[in-house]
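To start, the structure under review is shown below, and the notes come after it.
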Amino acid sequence: MSERVLFAGPTVRRLRRREGLTQAAMAQALGISASYLNLVERNQRPISARLLLALTQRFDFDPRALAGQDEVGGVDGLRRRLADERFADLGIDRDEIVEWLNAAPQAAAAFARLYDSAGNAAAAGDGDDPAVLVRREVERWRNHFADLDAAAEALADELRLSSGELAGALAERLRQRHQLAVRILPADVMPDALRRLDYHARQLQLSELLDPASRNFQVAVQLGLLEHGEAITALADGAGFTDRAAWRLFRRHLANYFAAAVLMPYGRFVRACEATGYDIELLQRRFGVGFEQLAHRLTTLQRLGQRGLPFFMARIDRAGQFSKRYGGASGTLLLESETSCPLWSAHAAFERAGRICAQLVSAEDASGGESQWLTLARTVAGSGAIRPDAAQFVVVLGLEARLAGQLAPARGVSLEPQDATPIGLGCPRCHRLECLQRSLPPRGAALAFDERSRALTPFSFRTT
């Protein structure tokens, strides 16, 4: 096993005390010296993969407890919380955050929990908004639910063996296992629904407004609820929501996750991504899915030993409001604002319906510096896409530019930092001085006025 470096002294010390062992006794059980264990507990030596394996085998130890990373979201997760304007005067830098996580991970987790449950909701004005609560829970999991992925992959293999055609295999599974027929109904018969389970008629009824990819997805959702409803409910219960609407919204997210994992089984999908250089349009055709379905799936590829690239995904309306945003393992701050930047190609994509708009952007990162991102934006239609009043959104996929050099979507796009378009986190959170598109001054900035001249930008301000 290759060595993996991680400082986790407080976690190891808590484990030893829980077991009632001295340093000498625990060191003997692990096959290391007491002096080395002492250094590990004081964060003067990292815990290696070999030592982690010994801890897992010898003691009842969950590796996910290391450094409180899951709950906090790592350095980037803590950095996002501390970016709140209420902490702006403290000047907390990345090194301090790393030191805090290493020295007192449980204290950091306590801060994150308190901030998430009260502080952030008050600052953002979203109170008990179920969508916000669910997004935090999804981000805590990095939008990867390993047990659901494994179950969906097993189902996909069974379906593949039973029939070469996915739609037929899904319908046959419903018929054989659950005595349910799939029936496509006219829009005037189902004016307010896309999917309906009618136990009296023993039918899963789907609206004709759904395209073939969406029909397969909805059948897979229903199969997930019928065959793995207990696992989905257990995950939803584990979130500990007191808000019933948040619980239902999270459960729906998990059912949708399962369906996407059936249509794009993890191992086969990751291998296809790597073989094609993440060719978006080719992957859509190969797996019979839409752009939005594919974008969702690309944010979930966090299986240990078989990770995909860390994409983020967002869905934006014409007003620049986010209706979906999943950071996955990307660590991006681009999703941490109320509205998107108008200089982002996501807005121009509305005028280029159905075409992928690639853009290299430069934005603030978790260290306080700038990082470059390759973003791919494309329009998608909401429910009832063929209706003239159907909603229209833009879905954006993003990947850090340093990881995108050999990918198919990057062909013809310069990934040089000097060629990136500088964008911000929406005007109220953006401190770029020379932006001609600025609509509002940044929060907390001191406005500057000169009656003898008029600057090109509508607001002049000082950054210090």
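Where a number appears in this text, it was derived from the coordinates with a stated rule and is not lab data. None of the values given here were measured: they were computed from a predicted structure. Cβ placement follows ideal geometry from the backbone for every residue including glycine, while neighbour counts extend to all protein chains displayed.
Structural remarks
- Neighbour-limited loop hits for chymotrypsin sites (Phe, Trp or Tyr not before Pro), the stretch 372-464 (at most 15 other Cβ within 10 Å; DSSP other than H, G, I, E, B): 449
- Computed from point charges on the beta carbon alone (+1 for Lys and Arg, -1 for Asp and Glu), the dipole magnitude for the chain about its Cα centre is near 600 Debye.
- Cβ-placed point charges (K, R +1; D, E -1), dipole of the stretch 146-263 about Cα centre in debye, nearest 20: 320 debye
- Theoretical gain in end-to-end length, residue 175 to residue 49 [0.36 nm per residue, Cα-Cα removed]: 40.6 nm
- Among the listed values [x] 51; [y] 45; [z] 34, the one matching percent of Cα pairs over 33 Å apart as calculated from this structure is [y].
- For the pair residue 95 and residue 157, the difference between a 0.36 nm per residue extended length and the Cα-Cα distance amounts to 17.7 nm.
- log₁₀ of I(q)/I(0) at q = 0.20 Å⁻¹ - the stretch 243-321, Debye sum with one point per alpha carbon: -0.94
- Each Lys or Arg adds one and each Asp or Glu subtracts one; over the other residues with Cβ under 10 Å from the Cβ of residue 349, this totals +2.
- Helix-derived mean residue ellipticity, 222 nm - over the chain, DSSP H n ≥ 4, -39500 (n - 2.57), to 500: -12500 deg cm²/dmol
- Each Lys and Arg Cβ is given +1 and each Asp and Glu Cβ -1; about its Cα centre, the stretch 280-345 then shows a dipole of about 320 debye.
- When only alpha carbons are used to place a centre, the stretch 242-268 and the stretch 273-344 end up 16 Å from one another.
- Inter-probe distance in nm under a simple model that places probes 7 Å from Cα toward Cβ, at residue 436 and residue 453: 1.8 nm
- Projecting the Cα atoms of 10, 169, 302 onto the charge dipole of the chain (Cβ charges, centred on the Cα centre) puts 169 farthest toward the positive pole.
- Placing a pseudo-label 7 Å from each Cα along the Cα-to-Cβ vector at residue 237 and residue 107 gives an inter-label distance of 3.6 nm.
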